[in-house]
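Each remark here refers to the structure printed beneath this line.
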Amino acid sequence: MIRLSREDARRIAVRAQLLDAYRPRSIVEVVDHLTLIQIDPTTAIARSADLVAWSRLGAAYDPSDLVFALETERSLVEHVTFIRTMDDIGIHLSVADEWLHPQITAWVEANPRFRERLLAQLRADGPVPATALPNDPEVPYASTGWNDDKNSGRMLEVLCLRGEVAIAGRQGRTRLWDLAERVYPADLYRPEPQEARRIRDERRLASLGIARAKPLRSPGEPSPIREIGLEAEVEGVAGRWRVDPDAHAALEEPFEGRTTFLSPFDRMVYDRDRVMDLFDFEYVLEMYKPAAQRRWGYFALPILHGDRLVGKLDARADRKARVLRVNAVHEDVPFTPEIADAVEAQIEELAQWLGLEPVRG
């Protein structure tokens, strides 16, 4: 058992997420270390994946770098709703059962001919969008409404999880599907499930630095981290934590932070319980709320300063007017002159990266 102050716990988390003063060299290095970047189509400021990359790489990052890595170099690949390294895909295919609800599995088994028709057309015509594929299953998929009449898309996502099909690229925002054998390398490393879980969990803990073995909620991750790494207590926080051994050892080194803005889907803040426990930071993505009920804004970006989450930036990119509209900077703690100056500098840097002029209101 190790005992950590909340400051040490925060610094472990910040370093592990590549958000201290160290700058990685490329988008591939970022994804390899973080293990995933979540995909979300919202472009209130920029695509979430690009914001995650910018938060680590700064002005050196160009969104075309991600497209090149995904579609030309293929060192990265989309897998359902995440971007991962190609080297990691086999690990996640080996534990696909964790993502598949028995109801989904039963639906796939009830539609063998529909599955074969999809695969046959991909073999003949791929890569193609889901809309170019059959959508006539023997047993239609029943949902609460979100996936009604989206049978081909639902089947493709299941087959993607199982490694039969893969996302070959995009046409605008539309995913292009193909047979997995045409997208993944022939020598894809695919360990046995027990070994795959061990590798995945160790890499996930290393990317987070510190996490609960079984979070209260585990958004975007279907299974707990389990009891790996070092067991820890955090001062003033109830319960036990798991800490990556290398991240704990790095506490011996001086910590140098920086200021940046984070996507709401960034793994640094995505586990809302964890950021409340360690950073005393409350956050809710409010784009699904009526405007009158929002406290911080449609797509407010958490503000990281050093080892603290100090506020939220409410801004929107108005590309027609070529401006970044800064509606508000919400202070969770009173900003010192140093914090205020650093936040203003980051607004300027974000606007410049977007090719926009920052304006208030």
Legend entry - Members of segment 162-185 found to be modelled with pLDDT of 95 or more, in a loop (DSSP other than H, G, I, E, B) and open to solvent by 80 Å² or more (accessible area, probe 1.4 Å), listed by number: none
Legend entry - Qualifying residues in segment 225-240 (those that are of a type in the set (A, V, I, L, M) and touching a Ser or Thr at 6+ places or on another chain (Cβ under 9 Å)) - the one modelled with the lowest pLDDT: I225
Inset, instruction - Hey, can you tell me all the residues within segment 100-114 that are within 31 Å of the chain's Cα centre (by Cα) and either without any contact (Cβ under 8 Å) to a residue 24 or more places away in the chain or surrounded by fewer than 18 Cβ atoms within 10 Å (Cβ to Cβ) (or both)? - result: L100, H101, P102, Q103, I104, T105, A106, E109
Legend entry - Number of positions in segment 57-75 that are in contact with an Asp or Glu (Cβ under 9 Å, 6 or more places away or on another chain), touching a residue at least 24 places away in the same chain (Cβ under 8 Å) and of a type outside the set (S, T, N, Q): 6
Legend entry - Test for R25: is it among the charged types (D, E, K, R), modelled with pLDDT of 95 or more, within 18 Å of A206 (Cα to Cα) and in contact with a Leu (Cβ under 9 Å, 6 or more places away or on another chain): no
Inset, instruction - Tell me, yes or no, whether segment 81-99 has at least one residue that is part of a helix (DSSP H, G or I) and more than 21 Å from the chain's Cα centre (by Cα). - result: no
Inset, instruction - Look through segment 203-218, keep the residues that are loosely packed, with under 15 Cβ neighbours inside 10 Å and among the charged types (D, E, K, R), and return whichever of them is modelled with the highest pLDDT. - result: K214
Inset, instruction - Pick out the one residue from L18, L36 that is in contact with a Lys or Arg (Cβ under 8 Å, 6 or more places away or on another chain), more than 18 Å from T174 (Cα to Cα) and crowded, with 21+ Cβ neighbours inside 10 Å. - result: L36
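Taking the condition out of contact with any Gly (no Cβ under 9 Å at 6 or more places or on another chain), surrounded by 16 or more Cβ atoms within 10 Å (Cβ to Cβ) and assigned to a loop (DSSP other than H, G, I, E, B), does E221 pass?
yes
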Inset, instruction - Under 6 Å between Cβ atoms, at least 6 apart or on separate chains: pull out the pairs that start in segment 121-142 with a residue that is over 14 Å from A166 (Cα atoms) and at pLDDT 95 or above and end on any residue that is open to solvent by less than 80 Å² (accessible area, probe 1.4 Å) and among the β-branched types (V, I, T). - result: none
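Open to solvent by 40 Å² or more (accessible area, probe 1.4 Å) and either modelled with pLDDT of 95 or more or hydrophobic (A, V, I, L, M, F, W, C) (or both): is that true of R3 in this structure?
Judged against the criteria, R3 is a match.
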Legend entry - Those residues of segment 191-201 which are of a type in the set (D, E, K, R), surrounded by 15 or more Cβ atoms within 10 Å (Cβ to Cβ) and touching a residue at least 40 places away in the same chain (Cβ under 8 Å), in sequence order: R197, R200
Legend entry - Residue that is farthest from the chain's Cα centre (by Cα) [pool: residues in segment 1-21 that are assigned to a loop (DSSP other than H, G, I, E, B) and touching a residue at least 40 places away in the same chain (Cβ under 8 Å)]: M1
Inset, instruction - Could you run through segment 224-244 and say how many residues are open to solvent by 60 Å² or more (accessible area, probe 1.4 Å), without any contact (Cβ under 8 Å) to a residue 40 or more places away in the chain and at negative phi? - result: 3
Legend entry - Pair list, Cβ < 6 Å and 6+ apart or interchain, from segment 168-182 residues that are touching a residue at least 40 places away in the same chain (Cβ under 8 Å) to residues that are in a strand (DSSP E or B) and acidic (D, E): A168/D178
Inset, instruction - Spot the failing condition for L66; the list is (1) in contact with a helix residue (DSSP H, G or I) (Cβ under 6 Å, 6 or more places away or on another chain); (2) surrounded by fewer than 19 Cβ atoms within 10 Å (Cβ to Cβ); (3) closer than 24 Å to R203 by Cβ; (4) not aromatic (F, W, Y), and only one is missed. - result: (2)
Inset, instruction - Would you check if there is a residue in segment 41-61 being surrounded by fewer than 18 Cβ atoms within 10 Å (Cβ to Cβ), among the acidic types (D, E) and closer than 19 Å to S263 by Cα? - result: no
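The values are calculated or read from the model by the stated rules, or taken from the named source; none is laboratory data. Nothing here was measured: the structure is a model prediction, and the numbers come from that model. Positions of Cβ are generated from backbone atoms using ideal geometry, with glycine treated the same way; all protein chains shown enter the neighbour counts. The area values use the complete protein model at the heavy-atom level, side chains included, leaving out ligands, DNA and RNA. Shrake-Rupley method; radii C 1.70, N 1.55, O 1.52, S 1.80 Å.
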